[in-house]
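Undergrad: I have a structure I would like to understand better, so I am pasting it below and will then ask my questions one at a time.
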Amino acid sequence: MTEPDENNVIMFYSRYDIMVHPACPDNDQYLKSVLDSFFYAKEAVRNNFQNLNIKQAEQHKNRRPVGFAAPQ
């Protein structure tokens, strides 16, 4: 996981090793299922972060800034 950049974007890195062998008859389906699960997880994480951002925006929406005047 990286630190947030100037746009508050955080990058996640993961590694997943898969083994394919020409003798296995179902390599295409296996590879497709592995990649599908990766993209499903990516979308789920993305949607959760979007929902968190929406909730944070709603919480900050009704806040009013409080100012303090310096004594004269």
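Undergrad: Going through the chain, which trypsin sites (Lys or Arg not before Pro) have at most 12 other Cβ atoms within 10 Å and a DSSP loop state? Could the numbers behind the result be given before it?
TA: Working: sites: R15, K32, K42, R46, K55, K61, R63; in loops: R15, R63.
Taking the chain and a limit of 12 other Cβ atoms within 10 Å, the loop trypsin sites (Lys or Arg not before Pro) found are R15, R63.
Undergrad: Residues of region 1-45: accessible area per residue at 1.4 Å, in Å²? Numbers along the way, then the final one.
TA: Details: 4420 Å² over 45 residues.
Averaged over the residues of region 1-45, the accessible area is 98 Å².
Undergrad: Starting from 0 in steps of 10 Å, tell me what percent of the Cα-Cα pairs of the chain lands in each bin.
TA: Binned Cα distances yield the sequence 13, 26, 22, 17, 11, 5, 3, 1, 0.
Undergrad: Here is a further query. Compute the helix-to-body angle for 27-61: its Cα long axis versus the longest principal axis of the chain, expressed 0 to 90° and rounded to tens.
TA: It is inclined by approximately 10 degrees.
Undergrad: How large is the charge dipole for the chain, taken about the Cα centre, if only the Cβ atoms of Lys, Arg (+1) and Asp, Glu (-1) carry charge, to the nearest 20 debye? Before the final figure, lay out the partial values.
TA: Values: 8 positive and 9 negative charges, 114 e Å.
Result for the chain is approximately 540 debye, rounded to the nearest 20.
Undergrad: Of F38, P22, N53, which is farthest towards the positive pole of region 18-64's charge dipole, taken about the Cα centre with +1 and -1 on the beta-carbons of Lys, Arg and Asp, Glu respectively?
TA: After comparing all options, I get N53.
Undergrad: Find how much the distance from Q59 to D5 grows on full extension, using 0.36 nm per residue of separation minus their present alpha carbon separation; answer in nm with one decimal.
TA: On the way: separation 54, 0.36 × 54 = 19.44 nm, distance 2.33 nm.
Net length gain for the segment: 17.1 nm.
Undergrad: K42: which aspartates and glutamates have alpha carbons under 19 Å from its alpha carbon, excluding same-chain residues fewer than 8 sequence positions away?
TA: Leaving aside aspartates and glutamates fewer than 8 places away in the same chain, those within reach of K42 are E3, D17.
The values are calculated or read from the model by the stated rules, or taken from the named source; none is laboratory data. Being a predicted model, the structure only gives us computed values, none of them experimental. A quick note on method: Cβ atoms are made from the backbone with ideal geometry, for glycine too, and the neighbour counts reach across all protein chains shown. What goes into the accessible areas is simple: the full protein's heavy atoms, side chains included, and nothing from ligands, DNA or RNA. Shrake-Rupley method; radii C 1.70, N 1.55, O 1.52, S 1.80 Å.
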